[in-house]
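Down below is the structure, laid out as structure tokens.
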Amino acid sequence: MNLIKANKKLFIIYLSTFTLSFVSLSVFGQIFSTTQNPLSVKWNYIQSAGFKIIYPQELEKEAQRMANTLPFIYPKIGLGLRQQNTSIPLLLQNRGTLANGFVQLAPKKSEFYATPPQYFDSQDWLNNLAVHELRHIAQFDKLTGTQAHPFPELLYFAYFGAGIPTWFFEGDAVVNETALTESGRGRQPNWIMPFRTSILEGKKFSYSKAYFGSNKDVTPGYYQTGYLMVANMKEKYGQFISDSLLGDIRKRPVRLYPFSQSLKKFTRENTKKYFLSTQEKLAEKWKAQGAKIQTENYESLNKKTSLATNYFLPVRLNKNQILALKESKQDARYFVIINNDKSERKLFGVGYQEQPWFSYKNDVLVWDEIRYDPRYKQRSYSVICSYNLKTKKFKKLSSQSRLFSPSLADDGKKIVAVKVELNNQFNLVEIDASSGMILKTYPNPENEILQTPSFDKTGNRIAYIGVSEKGKNLWLMEGDKKTRLISNSRQQLSRPIFLGDKIVINAHFNGIDNIYSIDITSKKISALSSSKYGAFNPTETEDGKIIFNDYKINGYEIAEQAIAEKSIGENAFVDFSSAAEKQENTGNVFENIPDSIFQSKRFRQGLNLFSFHSIIPVIDDEYVFGMELQSNNLLNTMDFYTGAKYHRDLKRFEYTADISYKALYPVLSLTYRNRPKRTFYRAKNAIQQGDWRENYIKLNASVPLSFNARNNTYAFTLNAATSFTKRYLPENMPTNFIRELKFPMEYNFTFNHSVRTTERDIAPKWAQVLRATYNHQPFDKNLGGEILALESFLYFPGFAKNHSFLASFNYQKASGVNQYATEIATVYGYNNILAKSKLQNSMLFNYRFPFAFPDWELSSLAYVRNFRAGLFCHYENIGLDTNIGEPKTYGVELNSSLNILRYQPVVDVGARLVFVNKIYNQNPILEFSFNYSF
């Protein structure tokens with residue numbers, strides 16, 4: 001029996017990583033960033049009270065605004081946690097096109113990604129980030145205290161992860177952002193819509209499923225779950241309940257399920273019981289809300305499915321066909337044509353989008369998608385792509401651009417889009433749909449954040465949304481004349497389109513997201529839909545109807561109806577944050593912000609390479625353990641680790657240092673080891689033990705490059721490395737003991753292509769990985785030898801969706817000191833089978849597939865997401881040890897993804913039964929695997 005150890009570092013490192021995935025408003029979850037900006041970015045900084053704001057020079061105006069804002073609002077944000085002062089570096093990032101924000105430790109910092117999304121709250125974007133992320137800073141300060149301690153941050157990280165569920169951190173922050181402003185996600189019906197829909201459809205969740213999600217159903221998510229639970233706590237137990245919980249956890253951290261125990265102390269219910277009682281309360285309020293609203297049921301024009309599936313932005317191609325963007329738990333996003341009989345035809349997949357978006361007119365299809373810089377992943381672009389349905393030709397209309405929400409004119413010849421400059425200047429631009437050339441730029445002197453523009457049928461008028469701290473505006477642009485149709489609204493206005501002399505928008509006037517029209521002349525607003533859960537993304541059809549998204553229990557479906565105006569009705573929105581708003585009693589926290597001018601200074605990267613933050617225990621295996629001091633600088637350009645480890649079997653210490661510099665195009669890494677070594681050798685017909693120490697230095701240069709286009713990703717990595725080893729203090733070593741290993745050379749090249757995957761995929765449907773490795777000893781005649789290794793991993797679709805077939809062909813040729821080295825993929829069970837000859841080649845076939853998605857909550861012990869199985873047949877040294885028809889090993893494997901003890905990392909556990917070719921005379925091998933991800 002063999003235990004496969006997937007990780008050697010102490011559990012504390014991995015546990016801490018997920019804890020700080022405090023992603024505020026992003027459309028995707030992420031662990032905090034470790035990527036770099038180009039070296040050409042010039043940085044300044046401003047010191048304002050406890051905030052050191054570091055920013056690219058283009059963001060001077062925004063940095064000055066944040067320097068006034070952050071110290072002013074922090075005491076109000078921290079009041080409920082009794083935190084009034086803080087000290088933290090804060091980075092403003094402007095090279096990316098994905099909206100995000102987070103707070104982290106190790107090193108302690110916060111980052112705001114300054115480019116806003118095309119759909120977000122009804123207030124200024126950076127203010128939006130500030131009110132949420134500063135609450136996380138207050139949470140950290142509450143738990144760790146403001147007094148400096150020597151390098152504890154990674155330990156604090158693990159402490160947070162072990163003690164407090166992420167839903168509480170995020171829910172507390174969302175309640176705070178909603179109570180302290182006139183906006184906030186708690187005031188957005190569509191944000192809570194999936195939870196409300198499930199409850200009213202009679203489908204309640206277990207605590208674990210609501211928290212951790214599902215591979216088959218739409219679930220609330222831990223942000224929404226946390227918001228509703230914390231809002232309920234504030235209403236029942238007062239303004240300082242979060243302070244009481246965090247304070248109690250800080251006082252008594254060493255307990256099993258410390259948060260649940262502290263919650264029970266103050267509420268008499270543990271986390272599971274509190275969730276279930278909150279869910280019952282939500283059901284009562286949402287049923288009462290539903291009784292106040294007149295709703296309609298709409299027939300779905302897409303095929304029914306029991307799996308979470310979305311059909312975004314439907315448009316009619318003709319009377320018989322609909323075009324939409326489809327995605328599901330088992331399909332990555334792609335364009336689909338739906339026929340009247342609900343049969344479907346896939347067109348092609350698309351890449352990552354900031355939000356689902358496309359525009360179709362006159363046989364032309366345009367959309368935007370994110371493209372990353374090949375090397376510096378902090379830099380990304382939003383480019384416009386097009387496809388002609390008649391000619392079947394693709395075009396990329398822009399390169400290295402920052403263009404969002406492209407919308408076609410009726411003739412398909414020009415596009416209107418939002419352009420965002422590096423200094424956060426927003427403008428509407430008209431673009432030639434054939435060449436991609438910018439034809440016109442519309443001025444935006446107020447520099448409102450602009451969103452989702454569209455043309456009327458003549459191509460002479462444009463409707464769009466503008467956002468400021470005062471709210472959202474609906475604008476009509478005619479030439480250079482602007483008319484504001486809706487002013488400073490806290491409604492989630494989005495995606496305006498023209499319908500004759502009216503403009504149709506999304507909003508939530510009755511407390512549920514629906515479709516509304518506004519008369520351009522009278523500005524009268526009428527309802528066009530009465531969806532029970534939410535209606536979105538309308539488009540006019542040729543026969544005078546609208547086709548739109550109607551939200552149902554499994555996601556966004558497609559509906560169609562005749563245009564008929566109705567009264568907008570009473571606003572029946574359920575405001576779960578109202579109690580917290582009264583408790584805080586601050587009004588809008590962004591009112592009366594000072595307007596001082598702060599001195600800005602140059603932030604010099606070369607003088608800020610080190611940021612020591614943690615001393616942590618590390619464990620390599622059961623024999624080697626020690627302590628390590630860690631440094632990661634604020635711009636993620638240099639990592640440094642140093643420490644000492646004790647070898648229990650050798651009773652000696654090892655001393656280590658690692659440094660990696662990542663600002664240049666190649667990543668340069670230097671490793672140093674002063675370590676004890678032991679070997680056994682035959683001498684005089686006896687086995688002798690020999691010991692020595694050695695200084696080992698290794699230099700590695702790596703150039704990691706990757707490109708993405710539509711739903712394909714291509715990656716190239718080139719590595720070159722050399723090392724020098726000096727051995728000393730030999731004990732009982734033979735006379736021919738070699739004291740120096742002089743600069744062996746290692747080269748590695750890897751190519752990887754894959755298509756976009758989904759959460760149910762075990763591997764890409766179509767992918768190729770090719771790797772070449774060459775190691776030799778050009779500078780040491782006493783240690784001749786080399787190894788050449790060639791590997792290939794080819795992934796193919798299986799017999800059903802999310803099935804994966806892998807064919808791997810590998811070859812190596814080794815000689816001299818490398819003759820027994822292994823550089824290629826080996827058969828399962830390789831380390832437990834006595835070799836008959838040197839490894840020269842392998843051919844591996846694996847077929848893997850998921851077969852069950854139970855969503856089982858096994859008390860507090862585990863939440864089981866899925867079960868997966870696999871069959872394998874592996875060959876080795878074909879033509880030497882075995883024939884092509886006789887595999888060396890074959891067998892079956894079973895795996896499951898689960899959450900253990902209600903912690904958020906997804907743990908993958910598995911067992912594999914390996915049968916060995918009869919020529920080896922060996923019993924079957926049982927192997928176990930354990931791994932986890934975030």
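Of the residues making up region 214-223, just one is without any contact (Cβ under 8 Å) to a residue 40 or more places away in the chain and either within 15 Å of F576 (Cβ to Cβ) or of a type in the set (K, R) (or both), namely P220.
Could you check region 104-163 and list, in sequence order, the residues that are aromatic (F, W, Y), in a loop (DSSP other than H, G, I, E, B) and at pLDDT below 85? Selection gives F151 alone.
In the set (1) without any contact (Cβ under 8 Å) to a residue 40 or more places away in the chain; (2) part of a strand (DSSP E or B); (3) not hydrophobic (A, V, I, L, M, F, W, C), the condition left unmet by K582 is number (2).
Residues checked against (1) touching a residue at least 60 places away in the same chain (Cβ under 8 Å); (2) surrounded by 16 or more Cβ atoms within 10 Å (Cβ to Cβ); (3) touching a His at 6+ places or on another chain (Cβ under 6 Å):
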{"residue": "I597", "(1), (2), (3)": "yes, no, no"}
{"residue": "G606", "(1), (2), (3)": "no, no, no"}
{"residue": "V618", "(1), (2), (3)": "yes, yes, no"}
{"residue": "D658", "(1), (2), (3)": "no, yes, no"}
{"residue": "L668", "(1), (2), (3)": "no, no, no"}
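On the stretch given as region 911-934, residues that are without any contact (Cβ under 8 Å) to a residue 40 or more places away in the chain and assigned to a strand (DSSP E or B) total 4. Given the options E786, E823, name the one that is assigned to a strand (DSSP E or B), among the charged types (D, E, K, R), in the same structural domain as L913 (by TED's automatic domain parsing) and more than 29 Å from the chain's Cα centre (by Cα). Being assigned to a strand (DSSP E or B), among the charged types (D, E, K, R), in the same structural domain as L913 (by TED's automatic domain parsing) and more than 29 Å from the chain's Cα centre (by Cα) holds for just one of E786, E823, which is E786. Against the conditions (1) touching a Gly at 6+ places or on another chain (Cβ under 9 Å); (2) more than 30 Å from V41 (Cα to Cα), T758 satisfies every one except (1). Determine the pairs where a residue that is under 20 Å from I370 (Cα atoms), located within region 330-349, has a partner that is modelled with pLDDT of 95 or more and loosely packed, with under 15 Cβ neighbours inside 10 Å with Cβ atoms under 7 Å apart, the partner being 6 or more residues away or on another chain. Filtered contacts from region 330-349: Y334/K346; Y334/F348; F335/F348. Total residues in region 392-443 satisfying the condition of being under 33 Å from the mean Cα position of the chain (by Cα) and either under 29 Å from G500 (Cβ atoms) or crowded, with 18+ Cβ neighbours inside 10 Å (or both): the figure is 25.
If the requirement is being more than 21 Å from L81 (Cα to Cα) and not in a helix (DSSP H, G or I), which of these qualifies: K216, K272, K285?
Unique residue meeting the criteria: K216.
Taking the criterion of being of a type in the set (S, T, N, Q) and either surrounded by fewer than 20 Cβ atoms within 10 Å (Cβ to Cβ) or outside any loop (DSSP other than H, G, I, E, B) (or both), the residues of region 32-46 that qualify are S33, T34, T35, S40, N44. Where residues in region 826-860 are part of a loop (DSSP other than H, G, I, E, B) and among the polar types (S, T, N, Q), which of them is farthest from R760 (Cα to Cα)? Result: S837. Identify, please: which residue in region 828-877 is among the small types (G, A, S) and buried (at least 18 other Cβ atoms within 10 Å of the Cβ) and is, among those, nearest to L256 (Cα to Cα)? Looking at residues that are among the small types (G, A, S) and buried (at least 18 other Cβ atoms within 10 Å of the Cβ), I get A862. Checked across region 110-122, the condition of being free of Cβ contacts under 8 Å to residues at least 60 places away in the same chain and more than 27 Å from R379 (Cβ to Cβ) holds for no residue. In region 914-934 there is at least one residue matching the filter, namely being surrounded by fewer than 17 Cβ atoms within 10 Å (Cβ to Cβ), of a type in the set (F, W, Y), within 30 Å of G163 (Cβ to Cβ) and in contact with a helix residue (DSSP H, G or I) (Cβ under 6 Å, 6 or more places away or on another chain).
Quick grid of which residues meet (1) among the hydroxyl-bearing types (S, T, Y); (2) under 21 Å from S531 (Cα atoms); (3) assigned to a loop (DSSP other than H, G, I, E, B):
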site: Y223; (1), (2), (3): yes, no, no
site: E235; (1), (2), (3): no, no, no
site: Q239; (1), (2), (3): no, no, yes
site: R255; (1), (2), (3): no, no, yes
site: K264; (1), (2), (3): no, no, no
site: Y298; (1), (2), (3): yes, yes, yes
site: L301; (1), (2), (3): no, yes, yes
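Residues that are among the charged types (D, E, K, R) and crowded, with 20+ Cβ neighbours inside 10 Å were ranked within region 471-501; the one that is nearest to T539 (Cα to Cα) is R495.
The values are calculated or read from the model by the stated rules, or taken from the named source; none is laboratory data. Predicted, not measured: the structure shown is a model, and the values here were computed from it. Here the Cβ is made from the backbone with ideal geometry for all residues, glycine too, and neighbour counts use every protein chain on show.
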